[in-house]
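Colleague: Got a structure for you, written out below as structure tokens; questions coming shortly.
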Protein chains: 2
Amino acid sequence: MPKLVANEIATMLKKRISAGEWFQDGRMPPERDLAAEFGVARNTVRRAVGFLEEDGTVVRHVGRGTFLTATDPTSIAAMVSRMEGTSPADMMEIRQLLEPAAAAFAATNASATELNAVREAHQAACEASDMPDFEHWDAEFHHRVFACCRNDFLKEIHNLMRAIRNQSPWFEMKKRSFSEERRQVYCREHQALLDALVCRDPDGAKTAMLIHLKTVEKNLLGR
Amino acid sequence: MPKLVANEIATMLKKRISAGEWFQDGRMPPERDLAAEFGVARNTVRRAVGFLEEDGTVVRHVGRGTFLTATDPTSIAAMVSRMEGTSPADMMEIRQLLEPAAAAFAATNASATELNAVREAHQAACEASDMPDFEHWDAEFHHRVFACCRNDFLKEIHNLMRAIRNQSPWFEMKKRSFSEERRQVYCREHQALLDALVCRDPDGAKTAMLIHLKTVEKNLLGR
DNA sequence: CTACATTGGTTCAATATTGGATCAGATAAA
DNA sequence: TTTATCTGATCCAATATTGAACCAATGTAG
């Protein structure tokens, strides 16, 4: 069941743990200190830490303190939690690695039905009236390109990237960098990519995707 | 200025949900906040949210809040479990996409310390006496190349691939395809890659990695 | 060893937050 | 007009948070 402030505090604590905050001695600050730091009552911190105790990321001892359990860095859960802290710059670098290649795969592998799905997402993005609507169809467009690749693993990697980018700090960033002018540029670039796909032109698709991602990077990171 | 009706608000909310706005903890803002944000009475927001509740996209709890029900397709756990079923062919395709690029990054970004770590893993693999030992240092060699990339996300993707390949069906496959002769080929190819890295030759490193992975693919998939 | 400070464990009453429900009046469309 | 919808307001019920006090286990200084 979802929780409120306590849950948010638990999330913050997890982030700071996975960022390596208290790894030197594995000991967390006292609950009273955390309460003061977060500006909430100790009871609330206690609930938050209770959640961490439930998933076993932490153990508590009366009179001694709260300690991190030795998390296996090779566990998939640990990897995923580290991935969630991916910086926008790192993410864009990998997108520029994967997505042009995916576009090239798509040009040779896509079925007519799949290409139609890409086209539909493109048109919906072009007709979108506001930022969340456009954002949705933009993401859907990229996702449907990956769906054409016939490589399930690649598709899942893209799902992972999409999920990371859907987290709130990213959302704020995208909202800041959005403008009607940029939306129209994106639509033109999507169109170029779509054209290359229907022409079954792998190199053209690859190039079109790379150009598009360079634009996105410039808008998002401001460089 | 068009008037906001409950239905329109409902569709706006749906868009924002599908754009990933509140996925971080699945909790929507309080109705009173939404009412203020949309500049509309709370009753109207209540009807709008009521529609979302009817389609089951949302559940409401008195005193707690309104929560998204859609967790599944975007759940990271679900993605990872799908990834675990990745076929060797799909995996090799993505390795050939990522690892040559990673090798190129490594050639330009690696510190001397990191290059030494790569060399150590290479030597340990060359001196390995049995297949599990070699397998370990081989994986470690590739991992240390990724560690040179200065892109944490890329490093984690490689961790993920490594974890998947460490599962038992993969191990059996690797055991079948192993031979002393092949081990020596791998060592020579690793050496070529290492040489390119210490020469700070991105293109050479990329090519060496690609050649190596083609060999691995041929041995593993028999084609 | 003793005395004291620190820290997590527990409980309780008061307050704040949040969704649920209803009503009278205003506004707009048919 | 009639009908439907939105508004602004009020109260209720369920849940969360607060602030405080006290307990028990542990560590530390003397």
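The values are calculated or read from the model by the stated rules, or taken from the named source; none is laboratory data. Small disclaimer: the values here were computed from a predicted structure and weren't measured. Please note: Cβ atoms are built from the backbone with ideal geometry, for glycine as well, and neighbour counts cover all protein chains shown. Areas reflect the complete protein model, heavy atoms only, side chains present, ligands, DNA and RNA absent. Shrake-Rupley method; radii C 1.70, N 1.55, O 1.52, S 1.80 Å.
Colleague: Search the range B:102-112 for residues being in a helix (DSSP H, G or I) and of a type in the set (A, V, I, L, M, F, W, C), and hand back the single one that is most open to solvent (accessible area, probe 1.4 Å).
Modeller: B:Ala112
A quick yes/no check of all residues on (1) modelled with pLDDT of 95 or more; (2) over 28 Å from A:Ala77 (Cα atoms); (3) of a type in the set (Phe, Trp, Tyr):
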| site | (1), (2), (3) |
| --- | --- |
| B:Val145 | yes, no, no |
| B:Asn159 | no, no, no |
| B:Pro169 | no, no, no |
| B:Phe178 | no, yes, yes |
| B:Cys187 | no, yes, no |
| B:Ala192 | yes, yes, no |
| B:Thr207 | yes, yes, no |
| B:Lys218 | no, yes, no |
| B:Gly222 | no, yes, no |
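Colleague: Give the range B:81-111 a look and list any residue that's touching a helix residue (DSSP H, G or I) at 6+ places or on another chain (Cβ under 9 Å) and free of Cβ contacts under 8 Å to residues at least 40 places away in the same chain, or say none. It would help to see each step written out before you state the result.
Modeller: Narrowing the range B:81-111 to residues touching a helix residue (DSSP H, G or I) at 6+ places or on another chain (Cβ under 9 Å): B:82-108, B:110.
Once the filter is applied, which keeps residues that are touching a helix residue (DSSP H, G or I) at 6+ places or on another chain (Cβ under 9 Å) and free of Cβ contacts under 8 Å to residues at least 40 places away in the same chain, the range B:81-111 yields B:Arg82, B:Gly85, B:Ser87, B:Asp90, B:Glu93, B:Leu97.
Colleague: In addition: Does the range B:195-206 contain at least one residue that is closer than 15 Å to B:His136 by Cα and either touching a helix residue (DSSP H, G or I) at 6+ places or on another chain (Cβ under 9 Å) or in a helix (DSSP H, G or I) (or both)?
Modeller: So far as the range B:195-206 goes, no, none of its residues is closer than 15 Å to B:His136 by Cα and either touching a helix residue (DSSP H, G or I) at 6+ places or on another chain (Cβ under 9 Å) or in a helix (DSSP H, G or I) (or both).
Colleague: While we're looking at this one, here's another question. Just a yes or no: is a residue in the range A:11-25 more than 11 Å from chain B (Cβ to nearest Cβ), modelled with pLDDT under 90 and near DNA strand C (Cβ under 10 Å from one of its atoms)?
Modeller: no
Colleague: Can you name the residue in the range A:155-179 that is open to solvent by 30 Å² or more (accessible area, probe 1.4 Å), part of a helix (DSSP H, G or I) and in contact (Cβ under 8 Å) with a residue 60 or more places away in the chain and, of all such residues, is farthest from the other protein chains (Cβ to nearest Cβ)?
Modeller: Here the answer is A:Met173.
Colleague: Only residues that are acidic (Asp, Glu) and under 29 Å from B:Phe153 (Cα atoms): list them for the range A:16-62, please.
Modeller: A:Glu21, A:Asp25, A:Glu53, A:Glu54, A:Asp55
Colleague: Check whether at least one residue in the range B:115-138 is over 14 Å from B:Arg95 (Cβ atoms), of a type in the set (Ser, Thr, Tyr) and at pLDDT below 90, and report yes or no.
Modeller: yes
Colleague: I would also like to ask the following. When you go through (1) over 24 Å from B:Ile157 (Cβ atoms); (2) open to solvent by 80 Å² or more (accessible area, probe 1.4 Å); (3) not aromatic (Phe, Trp, Tyr) one by one for A:Ala196, which number turns out not to apply?
Modeller: Of everything listed in (1) over 24 Å from B:Ile157 (Cβ atoms); (2) open to solvent by 80 Å² or more (accessible area, probe 1.4 Å); (3) not aromatic (Phe, Trp, Tyr), A:Ala196 misses just condition (2).
Colleague: Going by what's in this entry, would B:Thr66 be described as within 13 Å of another protein chain (Cβ to nearest Cβ) and within 16 Å of DNA strand C (Cβ to nearest atom)?
Modeller: It is true that B:Thr66 is within 13 Å of another protein chain (Cβ to nearest Cβ) and within 16 Å of DNA strand C (Cβ to nearest atom).
Colleague: With the requirement that a residue be in a helix (DSSP H, G or I) and open to solvent by 30 Å² or more (accessible area, probe 1.4 Å), what does the range B:118-134 give you?
Modeller: B:Arg119, B:Glu120, B:Gln123, B:Cys126, B:Glu127, B:Pro132, B:Asp133
Colleague: What is the one condition in (1) at the interface with chain B (Cβ under 9 Å from one of its Cβ atoms); (2) touching a residue at least 40 places away in the same chain (Cβ under 8 Å); (3) open to solvent by 20 Å² or more (accessible area, probe 1.4 Å) that A:Thr74 does not satisfy?
Modeller: Unmet condition: (2).
Yes/no per residue for (1) within 14 Å of another protein chain (Cβ to nearest Cβ); (2) of a type in the set (Lys, Arg); (3) open to solvent by 40 Å² or more (accessible area, probe 1.4 Å); (4) out of contact with any Asp or Glu (no Cβ under 9 Å at 6 or more places or on another chain):
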| position | (1), (2), (3), (4) |
| --- | --- |
| B:Gly85 | yes, no, yes, no |
| B:Pro100 | yes, no, no, yes |
| B:Glu114 | no, no, yes, yes |
| B:His136 | yes, no, yes, yes |
| B:Ala139 | yes, no, no, yes |
| B:Phe153 | yes, no, no, no |
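Colleague: A further question follows. What pairs can you find where one residue is in the range A:26-48 and within 15 Å of A:Lys14 (Cα to Cα), the other is assigned to a strand (DSSP E or B) and within 8 Å of DNA strand C (Cβ to nearest atom), and their Cβ atoms are less than 6 Å apart, with a gap of 6+ or different chains?
Modeller: From residues that are within 15 Å of A:Lys14 (Cα to Cα), the pairs are A:Arg27/A:Gly65; A:Met28/A:Thr66.
Colleague: Got a sec? Which of A:Phe23, A:Phe38, A:Phe51, A:Phe67 is over 23 Å from the mean Cα position of the chain (by Cα) and open to solvent by 80 Å² or more (accessible area, probe 1.4 Å)?
Modeller: After ruling out the rest, the residue left standing is A:Phe23.
Colleague: Can you say whether B:Pro30 is under 30 Å from B:Lys174 (Cβ atoms) and at pLDDT 90 or above, as far as the supplied structure shows?
Modeller: So B:Pro30 fails the test.
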